[in-house]
């Protein structure tokens, strides 16, 4: 399995050149499951594991395709003009995409690809959107079978 923690750490700092307030919270699935919309500091972002596909690639090896969602929450308010909330969402989506697209989590993992997005929920005060990303990796860190038993090794005093 592959940890998504490096993604959270990668998205936490505000990117250079981003105009505006960056995410007040970048967290994982456990934090997303505990959100209380009335007390949520927005904008916020969560990385949530979506799916894994596995293909056998030989002895102790698997090709894994892992998909994850970047859930973005912003305030759904119209400040000055129509479409402003959508433009704000687009600004965050483009910044996250620029940070992730082509980025390699680890040396043996292929670069991240974008898979599209979808609205999760519009509320009176909040907008939740998810973008799907994914990457592929060859996992070979399974331990080999131990060698066959051939003798006893005494440890300590001899009897």
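The values are calculated or read from the model by the stated rules, or taken from the named source; none is laboratory data. This is a predicted model, so every value here is computed, not measured. For neighbour counting, all protein chains shown are included, and Cβ atoms are generated from backbone atoms with ideal geometry for every residue, glycine included.
Quick check on my filter: what residues within segment 103-113 are more than 13 Å from the chain's Cα centre (by Cα) and in contact (Cβ under 8 Å) with a residue 40 or more places away in the chain?
106, 109
Name every residue in segment 94-120 that is at pLDDT below 85 and over 30 Å from residue 59 (Cβ atoms), in order of residue number.
Once the filter is applied, which keeps residues that are at pLDDT below 85 and over 30 Å from residue 59 (Cβ atoms), segment 94-120 yields nothing.
Taking residue 116 as the residue in question, decide whether it is within 15 Å of the chain's Cα centre (by Cα) and either farther than 16 Å from residue 10 by Cβ or in a strand (DSSP E or B) (or both).
yes
Kindly evaluate residue 77 against the criterion of being within 17 Å of the chain's Cα centre (by Cα), farther than 18 Å from residue 131 by Cβ and surrounded by 12 or more Cβ atoms within 10 Å (Cβ to Cβ).
no
Given the criterion surrounded by fewer than 11 Cβ atoms within 10 Å (Cβ to Cβ), under 17 Å from the mean Cα position of the chain (by Cα) and within 20 Å of residue 133 (Cα to Cα), identify the matching residue among 30, 44, 50, 98.
30
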